[in-house]
Amino acid sequence: MQPLHNEPLWYFPFEVMERGESFFIPTLKTAEMTYAVQEGAKRAKIKVKVFVTMKNDHLGIRVWRVD
């Protein structure tokens, strides 16, 4: 997968997450990051919900493991 322009490489901790846990990724490219997270979740065979949100005045996405 190509890294998103001006974005660091992200590690998505799906394998160590339990149902109901979440993580936040600060990004201005919310649509592209949402797609990357959803594709990563598919490969890990888990289900996630992704919401665009703010944390500490930073735009980003929050990813919840739901299965």
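Residue-level check: of (1) at pLDDT 95 or above; (2) more than 17 Å from L9 (Cβ to Cβ); (3) surrounded by 13 or more Cβ atoms within 10 Å (Cβ to Cβ), G60 misses just (2). Which ones in the stretch 1-29 are at pLDDT 90 or above, over 9 Å from the mean Cα position of the chain (by Cα) and either among the aliphatic types (A, V, I, L, M) or in a helix (DSSP H, G or I) (or both)? Across the stretch 1-29, the qualifying residues are V16, M17, L28.
Checked against (1) touching a residue at least 24 places away in the same chain (Cβ under 8 Å); (2) within 18 Å of D67 (Cβ to Cβ); (3) surrounded by 11 or more Cβ atoms within 10 Å (Cβ to Cβ); (4) touching a helix residue (DSSP H, G or I) at 6+ places or on another chain (Cβ under 9 Å), K47 passes all but condition (1).
The values are calculated or read from the model by the stated rules, or taken from the named source; none is laboratory data. Just so you know, these numbers come straight off a predicted model, no measurement behind them. So basically every Cβ, Gly included, is an ideal-geometry build from the backbone, and we count neighbours across all protein chains shown.
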